[in-house]
Amino acid sequence: MIQKIPTQTGTRDQLVNDLKTVISDAEAWLRNGGQLTGDELKAAKAKFEQTLSSAKTSLVDIEETVVERAKATAKATDEYVAENPWKSVGLGAAIGVVIGLLIARK
């Protein structure tokens with residue numbers, strides 16, 4: 001079963017919102033770039049850079065969470081295999097047989 005990656009409250013949603021904002025800001029720049037004056041252009045650029053920075057920060061937070069979870073999973077798997085070597089060998093063999101049967105069916 002695939003589990004959602006636990007993140008800080010709202011981090012994932014904030015990242016999605018930031019990415020949507022970055023995309024919409026970029027589209028607005030492409031449409032209206034030639035019509036913006038000096039101050040409007042500076043304000044739009046500052047807003048775009050702030051949103052992009054926020055999206056990068058959120059992405060780094062999620063990456064750190066994924067890495068931590070992967071390390072914890074690897075450690076738990078290593079401990080299980082060390083405690084149950086024959087069960088692990090049997091499980092690996094069973095998975096190999098199933099994959100072999102699926103490949104042979106084609």
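What follows draws every value from the coordinates through simple rules; no lab data is involved. The structure displayed is predicted, hence computed values, not measured ones. Counting neighbours? That spans all protein chains shown, and the Cβs are built from the backbone with ideal geometry, glycine included.
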* To do: Scan (1) 13.7; (2) 15.7; (3) 18.2 for the value of Kirkwood radius over Cα pairs in Å calculated from this model and give just the label.
  => (3)
* Compute the label zone of Val66 within region 14-33: residues whose backbone N is under 14 Å from the point 7 Å along Cα-to-Cβ. => 15-16
* **Compactness of region 54-106 as Cα Rg over 2.2 N^0.38 Å, two decimals** => 1.77
* So for the chain, taking the charge dipole from beta-carbon charges (+1 Lys/Arg, -1 Asp/Glu), which of Gly38, Val97, Ala74 sits furthest toward the positive end? -> Val97
* To do: Rank-order 16-23, 69-76 by packing density, defined as the average count of other C-beta atoms within 10 Å over each peptide's residues, highest first.
  => 16-23, 69-76
* Asked: Build a GNM of the chain with springs between Cα atoms under 10 Å: which of Gln50, Gln14, Gln35 gets the top mean-square fluctuation?
  -> Gln35
* **Virtual spin-label span in nm between Trp29 and Ser53, 7 Å along Cα→Cβ** => 1.5 nm
* **Computed label-point distance, nm, for sites Ala44 and Ala82 using a 7 Å Cα→Cβ extension** => 5.9 nm
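Rounded to the nearest 500, what is the 222 nm mean residue ellipticity of the chain from helices alone, with -39500 (n - 2.57) per DSSP H run of 4+ residues and division by all residues? Can you show the working numbers first?
Details: 3 runs with 89 residues, N = 106.
The helix contribution divided over the chain gives -30500 deg cm²/dmol.
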